[in-house]
1. Looking at the stretch 228-355, what % of its DSSP beta bridges pair antiparallel, to the nearest 5?
2. Would you mind classifying the stretch 345-464 by shape? Square roots of the alpha carbon gyration tensor eigenvalues, ordered a ≥ b ≥ c; an a/c under 1.5 is rounded, otherwise it is prolate if a/b is larger than b/c and oblate if not.
3. Taking only protein heavy atoms and a 1.4 Å probe, what accessible area per residue, in Å², does the stretch 167-319 have with all protein chains in place?
4. For the stretch 118-205, just the Cα atoms, rotate onto the principal axes and tell me the three extents in Å, largest first.
5. Rank these by accessible area, largest first, 1.4 Å probe: Arg145, Arg518.
6. Leaving out ligands, DNA and RNA, and with a 1.4 Å probe, what % of the accessible surface on the chain is carbon or sulfur?
7. Counting only DSSP beta bridges with both residues in the chain, what percent are antiparallel, rounded to the nearest 5?
8. Cβ neighbours within 10 Å, averaged per peptide: list 112-124, 535-547 in order, most packed at the top.
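The values are calculated or read from the model by the stated rules, or taken from the named source; none is laboratory data. Source: prediction; values computed, not measured. Every residue, glycine among them, receives a Cβ derived from its backbone with ideal geometry; neighbour counts consider all protein chains shown. To get the accessible areas, we keep the full protein, side chains included, count just its heavy atoms, and leave off ligands, DNA and RNA. Shrake-Rupley method; radii C 1.70, N 1.55, O 1.52, S 1.80 Å.
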Amino acid sequence: MAYGDEAGRADETAPVAGKPIGRKGRARAVPKGRQVDPAALDEIRDLLGDRPRQRDLLIEYLHLAQDRFGHLGAAHMAALAQEMRLPMAEVYEVATFYAHFDVLREGEAPPPELTIRVCDSLSCELAGAEALMAALKAQYDGQVRVVRAPCMGRCDTAPVAEVGHHHVDHAGLPAIVDIIERRDLHPTVPPHIDFEAYCADGGYALLRSCLAEPGSRGRIEAVLAKSSLRGLGGAGFPTARKWGFVRAEPKPRYLCLNADEGEPGTFKDRYAFETDPHRVIEGMLVAAWEVEAEACYIYLRDEYPAAREILLEELPKVEAAGLAPPGGIHLRRGAGAYICGEESAMLESIEGKRGLPRHRPPYAAQVGLFGRPTLIHNVETVWWIRDIEEKGTEWFDAHGRNGRKGIRAFSVSGRVRNPGVKLAPAGITMAELLDEYCGGMAEGHAFKGYLPGGASGGILPASMADIPLDFGTLEPHGCFVGSGAIVVLSDRDDMRAVALNLLRFFEDESCGQCTPCRAGTEKAVKLMEARVWDEGLLNELTTAMRDASICGLGQAAPNPIDCVLTHFRADAGLE
């Protein structure tokens, strides 16, 4: 019997004029896929206004939507996808990749209006973050959302909480309750050197001289080639050589300033932007001028709302003064992903995508942002350009100690009397830094160990505090200086618990792209939670992670484990 002969089947399968056809010819009442709510579409169009519907602005627009509506609902994401002519899957995968976007599933209730984030990274845990978290949950009992958060870049004022966008240093329950009652949810902008004050002190004279003499390109590069200035975000690549590689590539070229310092223990970039932002901006623009970059992109972590307010205020002044072309500096906001501190993941994020590291080669100097040659710099690197040009390479290099050259900005936190950013000679030892710049150990604490390069830089005992802190000096001991994030530990700290805190951070922040890192960090945490560590299995696991992970996160994550097994075996229950 033919299908069309069944009662009613012929009418059911017949096409209906003007309506889409489904499987087996059945007419659908609506087009295939998620339907866009007209009201939500109107709200998104009103939110975006006349902003360009560029693919690379997706993350910026997700921020706008979350700031306006308090979360990202399915209706608004579908409307945003239609407005930007993107598949809904792309919008959803980007929104769910970043920790600071509250994405609601279909039918899910919105979160409470107010969120309190409590940092649970190492320095804050040492300062009592766990007790603060418990006190807040007991105080508000579901009326306010209280969540854990990774490092907020304020390790020197631990413990730290964020109420809305208001950071609370040395946070305690009374201070947080007071802020909530006053509804003081906006960032507190600290005093800083603004454009007028910076110019009055000779600021931008270097950039003006460059712009006035376009034929002098290469002059600053030659000066830096004589100095010891290197990339100070962790890799330590000579600055002038990096400029030369980018200049050798065809135009157009770009410059990206990586201000996404998410490494636990690091906060020097925040210090730079919140005290002397134009020193960073001028150094960036000089570098861009030297390599003839078409535009500059500043990628700033979302945990720095005060720095963002400063840049939103100051960058237009730079353009208005003719020191940068209109629209030549783009400020891009991260969304809570440590992996975006890795340069290729940062490029992906600036392009409006998930922050997944790229395979290399090709390198960013050849194929970077939007597929073009790109100069990528750390904030501290460009911070020193003006001083080196004005005071000379001899001045900069003379500050080094123990056979090293230059000055470093060390972020120091933990069990010290005076934490903070310390501008100290490159090659200074931990013992010297502790005594001369930090006022010694905190009251009642005895020096036991230290992290020389943040969470991924390893852990060394106090008996090894005489090693110069610089590139190449710590690697023989299984550590590295990285971005200069120093966390000091005392006799009150269990190194097993310290390493577990660090591995939990890496487990949470793994982008998930490669199995050695994604599965390795999770397995490492489970093994480290055991009463006695399985040393053989941990060694096998860390070797696989180090050898096979795509980027530095998975490759360096085992460092705390290896250091505890080497230097603190009693803490791990192995002695």
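1. Around 10 percent antiparallel, to the nearest 5.
2. Values: a/c = 2.69, a/b = 1.56, b/c = 1.72.
Note, shape of the stretch 345-464 comes out oblate.
3. On the way: 5880 Å² over 153 residues.
Ligands and nucleic acids excluded, the figure is 38 Å² per residue.
4. 55, 30, 17
5. Numbers: Arg145 55, Arg518 100 Å².
If we order Arg145, Arg518 from most to least accessible, we get Arg518, Arg145.
6. Values: 12140 of 23960 Å².
Looking at the chain in its full context, I get 51 percent from C and S.
7. On the way: 22 of 49 bridges.
Antiparallel: roughly 45 percent of the beta bridges in the chain.
8. The most tightly packed comes first, giving 112-124, 535-547.
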